[in-house]
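Student: Just dropping this structure here.
The values are calculated or read from the model by the stated rules, or taken from the named source; none is laboratory data. Keep in mind the model is a prediction, meaning the values are calculated, not measured. Counting neighbours? That spans all protein chains shown, and the Cβs are built from the backbone with ideal geometry, glycine included.
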Amino acid sequence: MTDNQFAKAFFYMVALLAALTVVLVGIGILMASDVDTRMEAEKQQHRDRIIAERIAPAGMLAVGEQALAEDAEAAPPPTVQMAEAGEVSGEAVYNVSCVACHGPGIAGAPALGKPEAWTERISRGMEALVENAINGYQGTAGFMPAKGGNPSLSDAQVRAAVEYMVENSR
């Protein structure tokens, strides 16, 4: 093999390797951009799922024979069944509708079991407490939505929940 033939073969080999390198780099860039797109889509799905969990209702209260019309695929929120429509458990109503605010004491809500938070409210009388819980109340310390934000509660259920909270916060 002459020097000229060797140089020609060497040049073709280098050119072939350079072309192969360009092709492989191009494929790598395409694959990497697809991975970034998929990862961003997965991150957005995760964010959407977290937001949906945060804004989902804490639960529902079903009284008597009331049935829950939930999608078969979706996990139903926790429910409280009461034996009779006339029988109302303040603790059950509290655990489903009131605990979100009155458990930790957020948004100015007096926390259950904290007498210092309830003293002034209790001094106004049970009827005033029940009326504010049913109709809602805007005070200097916070806001109480009507029926704790659960319009499906009856006045008797709200009263039972208020009595339960007062009794356990003296």
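Student: Given Ala32, Ala69, Ala107, which one is modelled with pLDDT of 60 or more and in a loop (DSSP other than H, G, I, E, B)? Even if it seems obvious, please write down each step before you answer.
Tutor: On the way: Ala32 fails: in a loop (DSSP other than H, G, I, E, B); Ala69 fails: modelled with pLDDT of 60 or more.
Just a single option satisfies the conditions, and that option is Ala107.
Student: Filter segment 129-170 down to residues that are at pLDDT 90 or above, of a type in the set (Gly, Ala, Ser) and crowded, with 20+ Cβ neighbours inside 10 Å, then give me how many there are.
Tutor: 3
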